[in-house]
Amino acid sequence: MDPTLAARTLTASTEIATAALSGQDPDTVLHLVVRAAAELAEADLGLVMTGSDDGSLTVEAAHGARGTDPVGLVLSPRSSAARVARGGVPIVADDVTTDPRTSPYVPRELSTYGPFAAAPFGTRESRLGALTVYRRRGAKPFTNGTVEVLTAFAAQAGLVLVLAEGRNARERVGLYEERERIARDLHDVIIQRLYAAGMQLDLLSRRPTRKLAKPDATRLADAVDQLDAAIADVRAVVRALRNPDPEPAADLADSVRAEVATARELLGFDPTFELTGDLSDVPPHIADHTRAALRESLSNIVRHAGALRVAVHLRRHGPTLRLTVADDGCGIPQGVTQRGLKNLHERADQAGGHCTVRSSPRSGTTVTWEVPIT
């Protein structure tokens, strides 16, 4: 290889490796690759094409194009470039439009070019596509030496991109794991503490032996509302942090037990809790709605019911999940805000289910919240 050409190839490969491994945008890296390929081959046009499952190739980056932009152009699985991508063997033609190996599948956008060369892009284990170069019709053909340089460069650049993708994948996994850890801590610790603090403040304001001045009572009520708003904000953050493709909520049973345990501290007695059926494959969005419905139901009991007994039953029966929360309290007081009940109905509607509430001063209140598991 010409020493000058070898030096240029090394410089281009180093630039691409630096860009790819430093986390630059993939499109930027591909443009570096195709520009370097066109310059090393002294070509009028360079294209980077990536393969699809059906064997076709799509032009992802171009350098030197005039007129119609070839980016986005799809080449047939039977085209010469596609064969190079699959077989790993480069090809060179004096005229891409007349050579019988290449001419049948030349797209209209490339029909003004003559000399053509294609090299496999990627590694033997991870074939990304093809790197192709073109010269205007009538220009001198590509030499075997040029094709060898192009092939070596395409292999090096492809290897760098494969390594960079592996590194980026590991970094993404680490980021997802950290986001999930933060979300778990927010949900399991911070929300529970805020919830407990809000319930305690609300109970304090309702104790008949602790009559508060009206301004103090108002401030206390405002503090409870602010805690409710903070809980809603933290829940929104948790949803944003969660892995976009999380595993099924296998911890639903544990988190429901935690909600019941929190209510026990605030009620001063043990609610009964019964779990029926397998919850391991409940989808995450259904699990989130179920936890919120239970929390809302228990919150209503703590705040308003004055109950001596509370029973929680979560039952999985085939494609249906049913949550029942019953108490022997005073029923739903007249004039109490309906916000909590409205939230229960809205969550059931969002999950494709329904919620019924039966309440009377003599028998207490029973909330039945039922949704399909989809």
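The values are calculated or read from the model by the stated rules, or taken from the named source; none is laboratory data. These figures come from a predicted structure and were not determined experimentally. Note: ideal-geometry Cβ built from the backbone for every residue, glycine included; neighbour counts use all protein chains shown. The area values use the complete protein model at the heavy-atom level, side chains included, leaving out ligands, DNA and RNA. Shrake-Rupley method; radii C 1.70, N 1.55, O 1.52, S 1.80 Å.
Listing for the model above:
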quantity	calculated
Condition broken by PRO77, with the remaining ones in (1) over 23 Å from THR28 (Cα atoms); (2) modelled with pLDDT under 90 satisfied	(2)
Residue list for the range 87-96, restricted to those being free of Cβ contacts under 8 Å to residues at least 60 places away in the same chain and either within 31 Å of the chain's Cα centre (by Cα) or under 19 Å from TYR113 (Cα atoms) (or both)	ILE91, VAL92, ALA93, ASP94, ASP95, VAL96
Hey, ARG108 modelled with pLDDT of 85 or more, within 23 Å of GLU148 (Cα to Cα), open to solvent by 10 Å² or more (accessible area, probe 1.4 Å) and not aliphatic (A, V, I, L, M) or not	no
Contacts under 7 angstrom Cβ, first residue in the range 136-159 being over 15 Å from LEU47 (Cα atoms), partner among the acidic types (Asp, Glu) and open to solvent by 40 Å² or more (accessible area, probe 1.4 Å), 6 or more apart	PRO141/ASP94
Lone qualifier among VAL89, VAL71, VAL84, VAL96 - being more than 16 Å from LEU45 (Cα to Cα), touching a strand residue (DSSP E or B) at 6+ places or on another chain (Cβ under 7 Å) and not in a strand (DSSP E or B)	VAL84
Residue match in the range 39-60 (condition: part of a helix (DSSP H, G or I) and at pLDDT 80 or above)	yes
Where a residue in the range 260-283 is free of Cβ contacts under 8 Å to residues at least 12 places away in the same chain and its partner, wherever it lies, is assigned to a loop (DSSP other than H, G, I, E, B) and of a type in the set (Asp, Glu), with Cβ under 7 Å and at least six apart	ARG264/ASP270
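Yes or no, residue by residue, for (1) within 16 Å of ALA155 (Cβ to Cβ); (2) among the small types (Gly, Ala, Ser); (3) open to solvent by 50 Å² or more (accessible area, probe 1.4 Å); (4) at pLDDT 90 or above:
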{"residue": "ARG35", "(1), (2), (3), (4)": "no, no, yes, no"}
{"residue": "GLY88", "(1), (2), (3), (4)": "yes, yes, no, no"}
{"residue": "VAL96", "(1), (2), (3), (4)": "no, no, no, yes"}
{"residue": "GLY114", "(1), (2), (3), (4)": "no, yes, no, yes"}
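Here is a yes/no grid of residues against (1) surrounded by fewer than 21 Cβ atoms within 10 Å (Cβ to Cβ); (2) among the charged types (D, E, K, R); (3) over 21 Å from LEU194 (Cα atoms):
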position: HIS289; (1), (2), (3): no, no, no
position: LEU294; (1), (2), (3): no, no, no
position: ARG309; (1), (2), (3): yes, yes, yes
position: LEU321; (1), (2), (3): no, no, yes
position: ASP328; (1), (2), (3): yes, yes, yes
position: LEU341; (1), (2), (3): yes, no, no
position: ASP349; (1), (2), (3): yes, yes, yes
position: GLY352; (1), (2), (3): yes, no, yes
position: VAL357; (1), (2), (3): yes, no, yes
